[in-house]
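Structure, as structure tokens:
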Amino acid sequence: MKTQKNLVICFLLLCILFPMKAQKADVVVNVDLGKDTICRHIYGHFAEHLGYGIYGGLWVGEDSPIPNTNGVRNDVIQALKHIQIPNLRWPGGCFADEYHWMDGIGNRNQRPKMVNTHWGGVTEDNSFGTHEFLDLCEVLGTEPYVCGNVGSGSVEEMAKWVEYINFDGESPMANLRRENGRDKAWNVKLWGVGNENWGCGGNMTPAAYAEHYRRYSTYCRDYGTNKLYRIAGGANVDDYEWTETLMKNIPNRMMNGLSLHYYIHTNGWMDKGSALVFDDNDYMNSLVRTIYMDDLITHHGNIMDVYDPEKRISIVVDEWGVWYNVEPGTNPGFLFQQNTMRDALIAGLTLNIFHKHCDRVKIANIAQMVNVLQAIILTDGDKMILTPTYHVFDMYKVHQDAVMLPLEVTSPLYSRGDDAIVRISDKVRKAGELQAISATASKDKSGAVHVTFVNVDPANDIDINCSLRGMASGSVKSGQILTAKNLREHNTFEKPANVQLADFKGAKYKNGDLSLKVPAGSLVTIKIQ
Ligand code: AHR
């Protein structure tokens, strides 16, 4: 008893002699300098025929006991509507370049089957096809983003798909669509011409793909007043030669977007790590790999600037997110992984990077929407849960189509505490540290300013002084926080609300200065008006 008392006294004495310094960060938001809009399409999603991403996750069929609308589960529809998803990319991914769309139309019982060679070798019965997808997009009020087949399809096949979907007059394809029950054209705009054509989409050289792109995209016609937004299959991570060759060989007018794919693996492709079991080193590695997205966009963007200084062609990051090892006991070809508070912080950091580059990055798609990779939704039979990453998309939806406000952040570093480096690739090595606070801000059409802070330091709360330069009046209208006891916290079918959004009341705003404490390992958004 006595020893315990002495220990407490010693501890108190130590606290007096060496007071813990509160961590502090300063942020300056330039409210009067906003000029670029954060395109809502940065908040896009991706659903591939992969594992339970479509079948079970979205599509259960009209006869399912799971409540559904035209075969798509109602719980998922409701969750997606709530976060206002702006676009949905489909049918792949690698699957896109072996998908033959004509197999997925007409009477569902008579559709031909195929083998999904990329993802588990399972039989694909084509019951979810063009009509099912485009009808779902209408129900969700989201823009469809269709990715066509360059790798194993023909120019004619792709041209006919566009005609089938978008032509309203009298034509063989438009008539076939009508026979299949859809009178009006869907007027799809976002059109991908192949996927990862340097790899699963045909293993092409950049020069060969550029030629293919020119041919395929020529015959993807604009019908009526509908203008296609043609997206070329872009680089794998830091393949700058791919970007350079495409920009050089494809005339600007033929391409609206150029894609970029980048996944975060804890320690690289060979050591993806686990979604749930990770140590501080793994955490740091995944953070450093996350902020590498900033370098990638900067370098690809610099190349594009040479050929397209007006930034007419956008960077379309149509696959991004964390890719870990599959959960033990699940099909390795189904890419099913859990999702923790770490992934929520990674999503926040990434979205902040997209905002920063919103003059060039106009579309992005997290991979993937349901049950695959960094999913925002997980399902199990008739049960559904929302992951921490879902809540980030919910928190951030206020930034959609708002004007990005440039800002500067002076933050303490979150560091691994040694001089170890993170090896991103053979060429790229980065220091094992980053700013603990990342921030982003925007002004919406009503004049409200939203500032979001991400504190990646899992141990230290950070006091923030945020000056809203150019906005003296106003008051804090609301706040939201996403936090958890530790980075490994996640939602399960037994505890679905373990990590969820909560109101945040701890912000003060006076004479243009916002002050708040952002808890360790959390995201906070404040609305000021
Ligand atoms: O999202 C999983 C796969 O990752 C996609 O099919 C492919 O495009 C990428 O390599």
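Couple of notes before you dig in:
- Evaluation of Trp191 against (1) open to solvent by less than 10 Å² (accessible area, probe 1.4 Å); (2) within 16 Å of the ligand (Cβ to nearest atom); (3) not acidic (Asp, Glu) (one fails), failing number: (2)
- Only one of the numbered conditions (1) touching a residue at least 24 places away in the same chain (Cβ under 8 Å); (2) open to solvent by 30 Å² or more (accessible area, probe 1.4 Å) is violated by Trp320, and that is (2).
- Residues located in the range 311-331, provided they are farther than 24 Å from Glu494 by Cα, of a type outside the set (Val, Ile, Thr) and away from the ligand (no atom under 13 Å from the Cβ): Lys311, Arg312, Ser314
- Residue in the range 332-341 that is open to solvent by less than 30 Å² (accessible area, probe 1.4 Å), within 16 Å of the ligand (Cβ to nearest atom), in contact (Cβ under 8 Å) with a residue 40 or more places away in the chain and more than 26 Å from His41 (Cα to Cα) present: yes
- Residues in the range 388-411 that are under 20 Å from Asp75 (Cβ atoms) and either of a type in the set (A, V, I, L, M) or assigned to a loop (DSSP other than H, G, I, E, B) (or both): Val392 only.
- Selection count where residues are in contact (Cβ under 8 Å) with a residue 24 or more places away in the chain and away from the ligand (no atom under 16 Å from the Cβ), scope the range 88-121: 7
- Residue within the range 131-153 that is farther than 30 Å from Tyr262 by Cβ, small (Gly, Ala, Ser) and open to solvent by 40 Å² or more (accessible area, probe 1.4 Å) present: no
- Once the range 32-59 is narrowed to residues that are away from the ligand (no atom under 16 Å from the Cβ) and in a loop (DSSP other than H, G, I, E, B), the residue that is surrounded by the fewest Cβ atoms within 10 Å (Cβ to Cβ) is Lys35.
- For Ser274, the conditions (1) within 16 Å of the ligand (Cβ to nearest atom); (2) open to solvent by 10 Å² or more (accessible area, probe 1.4 Å) are fulfilled apart from (1).
- Scope the range 412-437; condition open to solvent by 20 Å² or more (accessible area, probe 1.4 Å), part of a loop (DSSP other than H, G, I, E, B) and in contact with a strand residue (DSSP E or B) (Cβ under 7 Å, 6 or more places away or on another chain); matching residues: Pro412, Arg416, Ile424
- Of the residues in the range 204-219, none is hydrophobic (A, V, I, L, M, F, W, C), modelled with pLDDT of 95 or more, within 16 Å of the ligand (Cβ to nearest atom) and open to solvent by less than 10 Å² (accessible area, probe 1.4 Å).
- When the range 343-387 is filtered for residues that are among the hydroxyl-bearing types (Ser, Thr, Tyr) and part of a strand (DSSP E or B), only Thr379 remains.
- Here the range 495-517 is the region considered, the condition is being in contact (Cβ under 8 Å) with a residue 24 or more places away in the chain and surrounded by fewer than 14 Cβ atoms within 10 Å (Cβ to Cβ), and the residue that is farthest from Lys527 (Cα to Cα) is Asn511.
- Residue identified as of a type outside the set (D, E, K, R), over 27 Å from Lys311 (Cβ atoms) and touching a residue at least 24 places away in the same chain (Cβ under 8 Å) among Gly432, Gly417, Gly447: Gly432
- Scanning the range 149-188 for residues that are closer than 15 Å to Glu132 by Cα, among the aromatic types (Phe, Trp, Tyr) and out of contact with any strand residue (DSSP E or B) (no Cβ under 9 Å at 6 or more places or on another chain) yields one hit, Tyr164.
- Condition broken by Asn252, with the remaining ones in (1) modelled with pLDDT of 95 or more; (2) surrounded by fewer than 16 Cβ atoms within 10 Å (Cβ to Cβ) satisfied: (1)
The values are calculated or read from the model by the stated rules, or taken from the named source; none is laboratory data. All figures in this text were calculated on a predicted structure; none of them were measured in a lab. Here Cβ is always computed from backbone atoms with ideal geometry, including for glycine, and neighbour counts include all displayed protein chains. What goes into the accessible areas is simple: the full protein's heavy atoms, side chains included, and nothing from ligands, DNA or RNA. Shrake-Rupley method; radii C 1.70, N 1.55, O 1.52, S 1.80 Å.
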